[in-house]
Amino acid sequence: MKQQQLSYVAVVVLVLVGLIGAQYVSRSTLDTVIIALWFVYLCQTWNIIGGMAGQFSFAHPVYVAFGGYTSTLLFLHLGLTPWIGMFVGAAAAMAFAAVLCWINFRQQLPMLTYALITLGVTVVAVIVLHTSNFLGGHEGLVIPRGDAPATFRFADKKMYYYVILVAVAVMMLITLMLRHSRFGVRLLAIRDNQDAARMIGVNVLRTTLVASMLSAGLGAFAGTFYAHYMSVVDPSIGQVELAVQVVLMTAVGGIGTTWGPLFGPMLLVPIERYLSRQFVDLAGVGYLFYGLVIIAVLLVLRDGVVSWIAKTMRSRRMKSKSQGAQR
Amino acid sequence: MDTLLQIISQGLVLGGVYALMALALAIVYSVTHQLNFAHGDLMVVGMYLAFWGMHALGVDPYVAIVVIAPLMFIAGFLLFRIVFAPMLSAPHLVVIQVTLALSFIVQSALLLIFTSNFQTVHTVLSGKILRFGPVMLAAAPVLAFVASIVLALAAYYVIRHTEFGKRVLAVAEDRQAAALAGVNVVLVQASVFAAAVAVMGIAGPLVAPMMVLQPSAGLHLTLISFIVFILGGANNYLGTLVAGLIIGLSESLSSLYMRPPELAPAVPYLIFIVFLLVRPKGVLERAS
């Protein structure tokens, strides 16, 4: 119980640090932090289904695209404010996620097969986005810039920062709540052993369905945010590379852990950004380094940084306990 | 009618190369039971090596294969020892992450060295045309097709009729039993992996003249290899060949008939998704 309270305190502290820190940083740093937080948010949403429920999915870019395109289309054609439109996008993403999850459950797909199917789905989705005139084809849909908070457009970058900071904090709370709820325990049970979970009375379909839809719906919000932050939504938002990045960043932090999705992007995005800016004429340096870090972390620590820290701390505690017992 | 014949022959040529790529993947999978998500990127490395040899040293890509293939073999061997060997006992998902990161590294390194500009490779056969009755085919793809088939047959021969092949089959069948019978399992796995990378080093320069080189081309090639591998079935060389031809044909035929034509690249993926849904317990299940 004590640890749980400590986690909530940590979230509050992080938000305060974020709020105060933002007053003292330059515009370009702020931009890096916003992108990093955006990835944190996305990794957190992926972690619900990919980490906690153990359904290794590459379909997240599709959900992000659902969110970004739906809210933008509603805004451009019907004038509906994206603050409402993003819920429509989330609903669409949830419906799509439900279909994928149902297929997975009905066919009892092996893990690798499900990963490959979702990969295929994402590739097809990107091709469709590129082709469709209604969705703007290669160029995508441009959102006119403006300063209208009621339609999710801010002249001041800081406002986007506050929005994403709050979103990350809320996701953090959702993750913590899931962790400590019956539902979260059911998810972990399904991840660890689906048959055993079923034996002890977990409704596998309902649980994974809810988790997939939660993960997809929350992921779709990230699409709306990105569209407005960039003032454009184009097919690159749904590309496979996004899923790869989300998976790898979460893996570096620790898949399935509470703090891993926060740690991975906050470590990797600034490194990549810094190197890319430092070596402008050497395109690729940032990503090269980033890939090497990922391989090193995975080979040495296996489960990511957060799991490794937890393990080390636990073994140290055990050691000191056993020493105390000997005395 | 001429266009149709043309398209069909193009599809077959493409399919032969796909089949070779998938075959390399399949043999590695049979001895390690892991999928390499950097597979296509290794082939792109082969293409860029050919490109570099042509530009910096003025060597024709076909000649360069003599150097590139052994180089890739050594690189593959080292790669296996450093990255793959420690990961073999890990769950599928960890290996997916590691090989995805590897693909990331390869792509960034290529981007760093060769920039993101599209590049093309020319060979002695560039612009040469072969005539078979009504069908006219560029010479380079025909050579790539013939070489792919020859390599596939050679792989089949090595596996079925040599001492080394017996060891490979033993490891594929049951690693523990093979180890107990005195087979050096890790050495077999490393050799097979290195050989597969070397095959990518042969296939890369062969197909480079037909392609536009780009550092991020690998992912598509990887996915196509997966598709062909899974459609064909594990340890089924003929199946892999047929699946490669089907995917190659479907890709070229859909570029002719698909409306709008931009959707054509989606067709292999759609075939793949439908196939996995109809036969989900396919080859991957048996292995795990």
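FYI, it's all coordinate maths here, none of it is from the lab. Note that the structure is predicted; figures quoted are calculated from it, not measured. Counting neighbours? That spans all protein chains shown, and the Cβs are built from the backbone with ideal geometry, glycine included.
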Considering chain A as a Gaussian network with a 10 Å cut-off on Cα pairs, which listed residue, A:TYR229, A:TYR41, A:TYR63, attains the greatest mean-square fluctuation? A:TYR229
At R0 = 30 Å the Cβ-Cβ FRET efficiency linking B:LEU187 and B:VAL146, nearest 0.05, sits at 0.40
State which helices in chain A qualify, where a helix is a whole DSSP H run, it must extend 24 Å or more along its own axis by its Cα atoms, and its mean Kyte-Doolittle hydropathy must be at least 0.5. A:2-21, A:27-46, A:82-107, A:111-131, A:157-179, A:204-230
Along the dipole axis of the stretch A:2-238 (charges at Cβ: +1 for Lys and Arg, -1 for Asp and Glu; origin at the Cα centre), the most positive-end residue among A:VAL121, A:ALA216, A:GLN55 is A:GLN55
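For a Förster distance of 60 Å, can you work out the FRET efficiency between the beta-carbons of A:LEU173 and B:THR120, rounded to the nearest 0.05? Don't jump to the answer; show the numbers that get you there.
Values: r = 53 Å, r/R0 = 0.89.
After rounding to 0.05, the efficiency reads 0.65.
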Restricting to lysines and to Cα separations under 24 Å from A:LYS2, and discarding same-chain partners fewer than 8 apart, the set is A:LYS311, A:LYS319, A:LYS321
Going toward the positive end of the dipole of the stretch A:2-238, with +1 on Lys and Arg Cβ and -1 on Asp and Glu Cβ, which of A:LEU30, A:LEU112, A:GLY140 do you reach last? A:LEU112
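With an 8 Å cut-off on Cα pairs and a minimum separation of 6 or more residues, tell me the relative contact order of the stretch A:2-238 in percent. Walk me through the intermediate numbers first.
Numbers: 314 pairs, mean separation 93.4, N = 237.
It rounds to 39 percent for the stretch A:2-238.
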In units of 2.2 N^0.38 Å, the Cα radius of gyration of chain B is 0.99
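Over the stretch A:1-105, what lengths in whole Å, largest first, do the semi-axes of the equivalent ellipsoid take, defined as the square roots of 5 times the eigenvalues of the alpha-carbon gyration tensor?
Numbers: eigenvalues 167, 109, 33 Å².
Taking √(5λ) for each eigenvalue gives 29, 23, 13 Å, largest first.
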In whole angstrom, largest first, the equivalent ellipsoid semi-axes that the Cα gyration tensor gives for chain A are 32, 26, 20
Averaging 1/r across every pair of distinct alpha carbons in the stretch B:164-247 and inverting yields a Kirkwood hydrodynamic radius, in angstrom, of 14.9 Å
Can you list the lysines whose alpha carbon sits under 30 Å from that of B:LYS166, skipping same-chain ones fewer than 8 residues off? B:LYS281
Taking one equal scatterer on every alpha-carbon of the stretch A:164-243, how large is log10 of I(q)/I(0) by Debye at q = 0.10 1/Å? -0.35
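Rounded to a whole number of µm²/s, how large is the Stokes-Einstein D of the stretch A:75-217 at 10 °C and 1.306 mPa s, given Rh as the Kirkwood radius over C-alpha pairs?
Working: Rh = 18.2 Å.
Value of D from the Cα-based Kirkwood radius: 87 µm²/s.
Mind checking the full-extension length gain between A:GLU241 and A:LEU80? Use 0.36 nm per residue of separation minus the Cα-Cα distance, one decimal, nm.
Details: separation 161, 0.36 × 161 = 57.96 nm, distance 3.06 nm.
So the extension gain works out to 54.9 nm.
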Point-to-point label distance, A:LEU30-B:LEU88, nm (Cα→Cβ direction, 7 Å offset): 5.4 nm
At 0.36 nm per residue, minus the direct Cα-Cα distance, what do A:LEU292 and A:LYS311 gain on full extension? Give it in nm, one decimal, please. 4.5 nm
Give the share of C-alpha pairs in each 10 angstrom bin for the stretch B:20-158, from 0 to the last occupied bin, in whole percents, shortest bins first. 10, 33, 34, 18, 4, 0
Kirkwood-Stokes translational diffusion coefficient of the protein assembly as shown, alpha-carbon pairs, 4 °C, 1.567 mPa s, µm²/s: 50 µm²/s
Please give, to one decimal in nm, the separation of the simple spin-label points placed at B:SER216 and B:LEU4, each 7 Å out from Cα toward the Cβ. 3.8 nm
Under a crude label model (7 Å from the Cα following the beta-carbon direction), how far is A:LEU282 from A:VAL13 in nanometres? 3.7 nm
Charges on Cβ only, +1 for Lys and Arg, -1 for Asp and Glu, centred on the Cα centroid of the protein assembly as shown; of B:HIS92, A:THR131, B:LEU223, which one is farthest towards the dipole's positive end? B:HIS92
Listed by chain and number, the lysines with an alpha carbon less than 24 angstrom from that of B:LYS128, same-chain partners under 8 positions apart left out, are none
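May I ask you to derive the FRET efficiency for B:ALA75 and B:GLN176 from their Cβ-Cβ distance with R0 = 41 Å, giving the value to the nearest 0.05? Intermediate results must be reported in sequence, preceding the final value.
Numbers: r = 29 Å, r/R0 = 0.72.
After rounding, the FRET efficiency stands at 0.90.
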On a 0 to 90° scale, report how tilted helix B:2-32 is relative to the longest principal axis of chain B, with both axes built from alpha carbons and the result rounded to the nearest 10. 10 degrees
In degrees between 0 and 90, to the nearest 10, how far off the longest principal axis of chain B does helix B:266-278 point, with axes built from Cα atoms? 40 degrees
Using only Cα atoms, figure out Rg for the stretch B:1-96 and give it as a multiple of 2.2 N^0.38 Å. 1.37
With no solvent term and unit scatterers on the alpha-carbon positions of the stretch A:135-282, Debye gives log₁₀ I(q)/I(0) at q = 0.09, 0.11, 0.20 Å⁻¹ of -0.40, -0.59, -1.40
One finds the C-alpha centres of the stretch A:162-228 and the stretch A:58-126 to be spaced, in Å, by 16 Å
